[in-house]
1. Can you find a residue that is more than 17 Å from the chain's Cα centre (by Cα) and among the hydrophobic types (A, V, I, L, M, F, W, C) anywhere in the range 57-70?
2. Within the range 134-166, which residues are in contact (Cβ under 8 Å) with a residue 24 or more places away in the chain, over 15 Å from residue 118 (Cα atoms) and of a type in the set (Gly, Ala, Ser)?
3. If you go through the range 10-32, how many residues are under 17 Å from residue 112 (Cβ atoms) and either β-branched (Val, Ile, Thr) or open to solvent by 50 Å² or more (accessible area, probe 1.4 Å) (or both)?
4. Taking the range 50-61 on its own, how many of its residues are open to solvent by 30 Å² or more (accessible area, probe 1.4 Å) and either more than 25 Å from residue 119 (Cβ to Cβ) or small (Gly, Ala, Ser) (or both)?
5. Within the range 83-131, which residues are surrounded by 16 or more Cβ atoms within 10 Å (Cβ to Cβ) and polar (S, T, N, Q)?
6. Within the range 120-135, is there a residue that is within 30 Å of residue 24 (Cα to Cα) and not charged (D, E, K, R)?
7. Keeping to the range 35-49, report how many residues are closer than 20 Å to residue 113 by Cα and either of a type in the set (Phe, Trp, Tyr) or touching a helix residue (DSSP H, G or I) at 6+ places or on another chain (Cβ under 8 Å) (or both).
8. Evaluate the following for residue 35: is it at pLDDT 95 or above, open to solvent by 40 Å² or more (accessible area, probe 1.4 Å) and not aromatic (Phe, Trp, Tyr)?
Amino acid sequence: MNLFGICKRILDILIAIVAMVILSPLLIAIWISVKLSSEGPAIFAQQRAGKNSKPFIFYKFRTMKPDAEPFGPSPKSGQDPRLTKIGRFLREYSLDELPQLFNVLKGDMSIIGPRPLYISQIPEWNERQKKRLLVKPGITGLAQINGRAELTREEKLDFDVKYVET
């Protein structure tokens, strides 16, 4: 790891620890709200692609009903019947993403980087898009600050590649 990588990792750890300490009352309140609002675990865990395509377990607060079909309308549309009431609120304000601070501490993710996507999507990508796998995925990235839900999948991938190439 080069000096930039070491500094970025230290900064990721410091930001994640500070954020978790400051946000701990909110994290606990969300966990309780998710548990009370529907059956099932409060944390949703799923395998995603990390740096160099290495699989890792990705954490989010559960926003869908436990028996929900995994694929359906865009979860960001607000019209998704699979979402719980608290889940709709968490998604609207991106609070469902907070458990990814644990992914940062574990070293699977960074604060800033391309969003982690499904491993099954990798074969669909062209060589340029696969460059996004050269860095750790992040909680937030260029696509999130440049349009997020309004962007197409291809536009999001292009922003991710721009991040890697910069």
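The values are calculated or read from the model by the stated rules, or taken from the named source; none is laboratory data. Computed from a prediction, not measured in an experiment: that's the story for all the values here. We place every Cβ from the backbone using ideal geometry, glycine too, and count neighbours over all the protein chains shown. In case anyone asks, the SASA skips ligands and DNA or RNA and just uses the protein heavy atoms, side chains included. Shrake-Rupley method; radii C 1.70, N 1.55, O 1.52, S 1.80 Å.
1. There is at least one residue in the range 57-70 that is more than 17 Å from the chain's Cα centre (by Cα) and among the hydrophobic types (A, V, I, L, M, F, W, C).
2. Result: 141, 143, 149.
3. Of the residues in that region, 7 qualify.
4. 1
5. Answer for the range 83-131, where residues must be surrounded by 16 or more Cβ atoms within 10 Å (Cβ to Cβ) and polar (S, T, N, Q): 84, 100, 103, 110, 129.
6. Residues of the range 120-135 within 30 Å of residue 24 (Cα to Cα): 135.
The next check asks that each one be not charged (D, E, K, R); those that pass are 135.
Checked the range 120-135: at least one residue is within 30 Å of residue 24 (Cα to Cα) and not charged (D, E, K, R).
7. Adding up the residues that qualify gives 3.
8. The answer is yes for residue 35.
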